[in-house]
Amino acid sequence: MEHSEIMELLPAYVDQELGIAETLTVQSHLDSCPECRREYAEQSALSKCVRTETAYFKAPPDLAARIAAHIPDTLPQDKPRRISLPSFPASWGLSSNLSWLQVGTAMATLLVAVWSAGLYLNLPTADDRITEEAISNHVRSLQADHLTDVASTDQHTVKPWFNGKLNFAPTVIDLAPQGFVLEGGRLDYLDGHPVAALIYRRQKHPINLYIWPANGKDAGPKAESSRGYHVVHWTADEMHYWAVSDVEESELLKFSGILRLATHQ
Amino acid sequence: MTDPIKNRRFHMLVMPHLNSAFNLACWLTRSRHDAEDLVQEASLRAFRFFDGFHGDDARAWLLTIVRNTFYTWYQENHAQQQNTLFDEEFHSLDTTDAVDMHYRDNNPEKLLLRKDSERQLQQGLAALPLEFREVMVMRELEDLSYKQIAGIVDIPIGTVMSRLGRGRKLLAKILAPANQGE
């Protein structure tokens, strides 16, 4: 790629919006081009300044109430129809002014309501999506026999391997004494970001630990399961951690607990 | 779908993004007062169109409506005066009024420059032309992805990238004279 093309990609490089191939191309160009390095520094400094030093305007507390007041509880309908269920026993006879047709309508309405609520509850959340994606990555890493790009049980070999491949430095800690043996590292792609994947092994079970930078607050470990795999994820020190394995959930929670303790030291 | 369900879904899916809507509206209108009106009108519009919302990104959907509502309003009323119109309240904002300032960077050099630069940044960003200001706010303050921004502004992802790049350069230029001699 030419210098001018790289220059144009720099905003997206700052924002971590490039694919892995382009990210690597830009990275290697930066090593040899002072002009692009300056431009990159300016772009990222500006971005950081705006993020940390400009005001975020929160909605005034009464705004939500004012809007709600304008939203009708029930939208006006062409034919207002009131359906009240009969009270026993007086109206549950032929004298009832509620015909079976109306009961049927009410049941149908109820059915639609329950179904809609079900649809809503089934909407996948962002976490669900990442869980599915993380499990797919985990499975693929085992299928393609591509578990590690750098195979080493030495954290001091694995950590530097990521230098220049990612624009953050993942914490790499060997947990062999606790029964989780570090096997190596790999580049992967998750939730639209290039991520570090660390591979640990618990007896025969491989564990993929995905790490990438977070913007949000710390979040405690959450466990999820899908397709027979377990996922435990948490956010700490501005990093997302997602651990995926077929090992028992309690083991994976233990793994996350040990790791959280170790990284906080 | 029955209306109480629509109402509840709207409150659960859309209303939680009122802060994002208000923040974008403030930066678009550069006035808290106008932003309140804008968000109110956009929210009611969103409720009217809510039956047509089938996606999973309610925030981007609401921001699209806020932005469209703003541009309609802007073309109707303020096209001529917009560039001279500065809201005193917005521009005299001190940091105690601006909630949720997040300081992640504790580099001492930055700390020294912070007091001045906050104000300059605030005014610099507000002074950017709309097309750059909106993508900067969506990216840096709302942390939206290029794809989400492209959808909201209705431009290709490549254009999001170049506008952000040019916006940052412009802002750097605006801030440069002020930073000299510090």
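The values are calculated or read from the model by the stated rules, or taken from the named source; none is laboratory data. For clarity, every value in this text was computed on a predicted model and none was experimentally measured. Neighbour counts run over all protein chains shown; Cβ positions are idealised from the backbone, glycine included. SASA here: full protein model, heavy atoms, side chains in, ligands and nucleic acids out. Shrake-Rupley method; radii C 1.70, N 1.55, O 1.52, S 1.80 Å.
Here are a few things to note about the model shown:
- Restricted to segment A:154-265, the set of strands (runs of 3 or more DSSP E) holding at least 3 residues that are in contact with a His (Cβ under 8 Å, 6 or more places away or on another chain) and within 26 Å of A:Thr25 (Cα to Cα) comprises A:205-213.
- Among the residues of segment B:15-49, those that are more than 10 Å from every other protein chain (Cβ to nearest Cβ) and within 30 Å of A:Leu110 (Cα to Cα) comprise B:Arg45, B:Phe49.
- Residues satisfying the stated conditions in segment B:3-25, i.e. without any contact (Cβ under 8 Å) to a residue 60 or more places away in the chain, open to solvent by less than 40 Å² (accessible area, probe 1.4 Å) and of a type in the set (S, T, N, Q): B:Asn7
- Filtered residues of segment A:51-64 (kept if open to solvent by 20 Å² or more (accessible area, probe 1.4 Å), touching a helix residue (DSSP H, G or I) at 6+ places or on another chain (Cβ under 6 Å) and not small (Gly, Ala, Ser)): A:Arg51, A:Tyr56, A:Lys58
Quick grid of which residues meet (1) under 22 Å from B:Leu144 (Cα atoms); (2) within 23 Å of the chain's Cα centre (by Cα):
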{"residue": "A:Phe168", "(1), (2)": "yes, yes"}
{"residue": "A:Gly179", "(1), (2)": "no, no"}
{"residue": "A:Leu190", "(1), (2)": "yes, yes"}
{"residue": "A:Pro213", "(1), (2)": "yes, yes"}
{"residue": "A:Lys217", "(1), (2)": "yes, yes"}
{"residue": "A:Leu253", "(1), (2)": "no, yes"}
{"residue": "A:Leu261", "(1), (2)": "no, yes"}
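- Criterion (free of Cβ contacts under 8 Å to residues at least 40 places away in the same chain and touching a strand residue (DSSP E or B) at 6+ places or on another chain (Cβ under 6 Å)) met by exactly one of A:Ala196, A:Ala169, A:Ala176: A:Ala196
- Test result for A:Lys48, assigned to a helix (DSSP H, G or I) and open to solvent by 70 Å² or more (accessible area, probe 1.4 Å): yes
- Search result, residues across segment A:16-45 that are open to solvent by 70 Å² or more (accessible area, probe 1.4 Å) and at the interface with chain B (Cβ under 10 Å from one of its Cβ atoms): A:Glu42
- Tally of residues being without any contact (Cβ under 8 Å) to a residue 24 or more places away in the chain and either of a type in the set (Gly, Ala, Ser) or open to solvent by less than 40 Å² (accessible area, probe 1.4 Å) (or both) across segment A:199-229: 4
- Reported count of residues in segment B:50-67, each being under 25 Å from B:Ala127 (Cα atoms) and facing chain A (nearest Cβ under 10 Å), is 0.
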